[in-house]
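Here the structure comes first, spelled out in structure tokens, and everything after it is commentary.
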Amino acid sequence: DAKTTQPPSMDCAEGRAANLPCNHSTISGNEYVYWYRQIHSQGPQYIIHGLKNNETNEMASLIITEDRKSSTLILPHATLRDTAVYYCIVKTAWGGSQGNLIFGKGTKLSVKP
Amino acid sequence: DTGVSQDPRHKITKRGQNVTFRCDPISEHNRLYWYRQTLGQGPEFLTYFQNEAQLEKSRLLSDRFSAERPKGSFSTLEIQRTEQGDSAMYLCASSPGGLAVTYEQYFGPGTRLTVT
């Protein structure tokens, strides 16, 4: 079962920052937070992941609270092409057969002009 | 294009027929995953290969489903005696192997199956 809670939908104005929250209150010490997104009719796309430090890459920033019970994915300047379903996933580091991702229903982000 | 590819992209079949899907992972990736996604839901894990070995299968993978990766490169997923409930998007993903702690998975575009 998915171990994360996300709002089902969010809207964001084009050019503004999109802040997508995720609650993972039962996260274990060796579990990472991963974010993927799925644009309509495409396969999921990896965005970013982190353990406890904030992370940034060319797509987004990931802010993880100090107690690691929640995180926020930030798209700094959302565009219409960022309209997608965003999935927050907690997953142990690779170490055996636990490689599969457990997806919830995600947050449908709609970026509006 | 060096991404994950899947064939066919769409398949319409009649109930009771057998279907086979193919996945070609990124060439240097030795881990390969199959997922299924129904409308409005997130993808659900079906099975996973490390090279040619099938290491994990979900209980979603009934006896009518079989997956192979004979030479540790491409993989096939076969569904026998299809049922209307098998209608879904079938997604393939791959990731590198090795000693690194974490890996992201790279997904293909999926095969959409419609059983009539």
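Quick notes
- Label-point separation, A:Lys69 to B:Ser62 (7 Å along Cα→Cβ), nm: 4.1 nm
- Rolling a 1.4 Å probe over the protein heavy atoms gives chain A an accessible area of 51 Å² per residue.
- Considering only B:Ile79, B:Ile12, B:Ile26, the Gaussian network model of chain B with Cα springs below 10 Å gives its largest mean-square fluctuation to B:Ile12.
- Set of lysines with alpha-carbon distance to A:Lys69 below 18 Å, sequence-local pairs under 8 removed: A:Lys3, A:Lys52, A:Lys91
- Of the GluC sites (Glu not before Pro) in the range B:55-116, those whose Cβ has at most 12 other Cβ within 10 Å and which sit in DSSP loop: B:Glu83
- Accessible solvent surface per residue of the range B:14-65, calculated while the other protein chains remain in place, 1.4 angstrom probe, Å²: 54 Å²
- Each Lys and Arg contributes +1 and each Asp and Glu -1, all at the Cβ; summed about the Cα centre of the protein assembly as shown, the dipole is approximately 580 debye.
- Set of lysines with alpha-carbon distance to B:Lys11 below 24 Å, sequence-local pairs under 8 removed: B:Lys57
- Estimated FRET transfer efficiency when R0 is 30 angstrom, pair B:Arg15-A:Thr79 (beta carbons, to 0.05): 0.10
- For the protein assembly as shown, the carbon plus sulfur part of the accessible surface works out to 47%, probe radius 1.4 Å.
- 10 Å Cβ shell holding at most 10 others, DSSP loop, GluC sites (Glu not before Pro): longest site-free stretch of chain A: A:1-57
- Segment A:Lys52..A:Ser28, full-extension length gain: 7.5 nm, with 0.36 nm per residue of separation and the alpha-carbon distance subtracted.
- Relative contact order for chain A: 37 percent, from Cα pairs under 8 Å spaced at least 6 residues apart, divided by residue count.
- Remark: accessible area buried at the B-A interface is about 1800 Å², both chains counted, probe radius 1.4 Å.
- Quotient of C-alpha Rg and 2.2 N^0.38 Å, computed over chain A: 1.02
- The range A:1-77: trypsin sites (Lys or Arg not before Pro) in DSSP coil with no more than 15 other Cβ atoms inside 10 Å: A:Arg16, A:Lys52, A:Lys69
The values are calculated or read from the model by the stated rules, or taken from the named source; none is laboratory data. Predicted model, so just to flag it, every value in this text is computed and none were measured. Virtual Cβ from ideal backbone geometry, glycine too; neighbours counted across all protein chains shown. Surface accessibility is based on the protein's heavy atoms, side chains included, excluding ligands, DNA and RNA. Shrake-Rupley method; radii C 1.70, N 1.55, O 1.52, S 1.80 Å.
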